[in-house]
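Please read the structure below before turning to the comments.
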Amino acid sequence: MRIAKEKEPGVPKVVDHQERREVIARALWRVVDQHGWTKATMREVASEAGVSLGHVQHYFASRAGLLTFAMEFAAGQTADRVARGLAALDQPPHPRDVLRLVLVEMLPLGPDARASSRMSAAYVLEALHDPALREQASLGLRDGRAMVAQLVREAIAQGRIAPDRDPDVETDLLLALTGFTPLLELEVIEPQAALAAIDQHLDRLFAGGP
């Protein structure tokens, strides 16, 4: 007969601090998504997460610190969605399909992507007046641009994009397509219109390639 081992007295319960931070971050996402950044006080986030204000302050000393973590978490979630999308493509994937996937994930076209997009908008606005946040936000955007630039350069090297195209200019034009975000958020255009524009631009960029 197997006898269950009793928990030794005095042994502390293992706490997953990363998981608790992520729960709070998701609560911030929901508050920003539903009510905007101005309503995202530490107290409001605690209420949304179903925990005490002291619990939130235990993990995040400031609103800026919470925002930074929430953005890093959002970036990780976006990367996971892109990875799942890549796995569903033909292998090896065509660079056009990879670029389309990355661009679409940057637009607020699904619940998580919309929450990430609104968090990003709040992050940029806050970073304009906070030097530390500004540096972090700038680094994140530079990393994102570098990733797209690398994809463009690889496509040119593979002969998928004409060799006379300037990779830096083409990278910036691709990233400019993420400017559809406010038009989508304010329902100026429909998602189908944004996707059609992305597809047309990619068709022109890859015209003549294999």
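The values are calculated or read from the model by the stated rules, or taken from the named source; none is laboratory data. Treat the numbers as computed from the prediction; the structure is a model and nothing was measured. Here the Cβ is made from the backbone with ideal geometry for all residues, glycine too, and neighbour counts use every protein chain on show. Ligands, DNA and RNA are stripped out before the accessible areas are found, and what is left, the full protein with its side chains, is counted by its heavy atoms. Shrake-Rupley method; radii C 1.70, N 1.55, O 1.52, S 1.80 Å.
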message: Per DSSP helix of 4 or more residues, -39500 (n - 2.57); summed, then divided by the residues of the chain. What does that give at 222 nm, rounded to the nearest 500?
response: -22500 deg cm²/dmol
- request: Over the range 34-102, give the accessible area per residue in Å² for a 1.4 Å probe, as an integer.
  value: 54 Å²
message: Using only Cα atoms and rounding to the nearest 10 degrees, what angle (0 to 90) does helix 95-105 make with the longest principal axis of the chain?
response: 40 degrees
task: Note the full-extension length gain between LEU183 and SER52 as 0.36 nm times their separation in residues minus their Cα-Cα distance, in nm to one decimal.
output: 43.5 nm
statement: In whole angstrom, the spacing between the Cα centers of the range 12-88 and the range 119-193 equals 24 Å
field: Under 15 Å, Cβ to Cβ, from LEU205 - net charge with Lys/Arg +1 and Asp/Glu -1
entry: -3
- line: The FRET efficiency for GLN91 and LYS39, from their Cβ-Cβ distance with R0 = 35 Å and rounded to 0.05, is 0.20
- prompt: Rounded to two decimals, what ratio of Rg to Rh does the chain give with C-alpha atoms and a Kirkwood Rh?
  reply: 1.09
- line: Given GluC sites (Glu not before Pro), DSSP loops and at most 16 other Cβ atoms within 10 Å, the longest exposed-site-free stretch of the chain is 7-186
Difference of contour (0.36 nm per residue) and Cα-Cα distance, ARG142 to GLN18: 42.0 nm
task: Would you kindly state the longest site-free stretch of the chain, with sites defined as trypsin sites (Lys or Arg not before Pro) in a DSSP loop (not H, G, I, E, B) surrounded by at most 10 other Cβ atoms within 10 Å?
output: 14-210
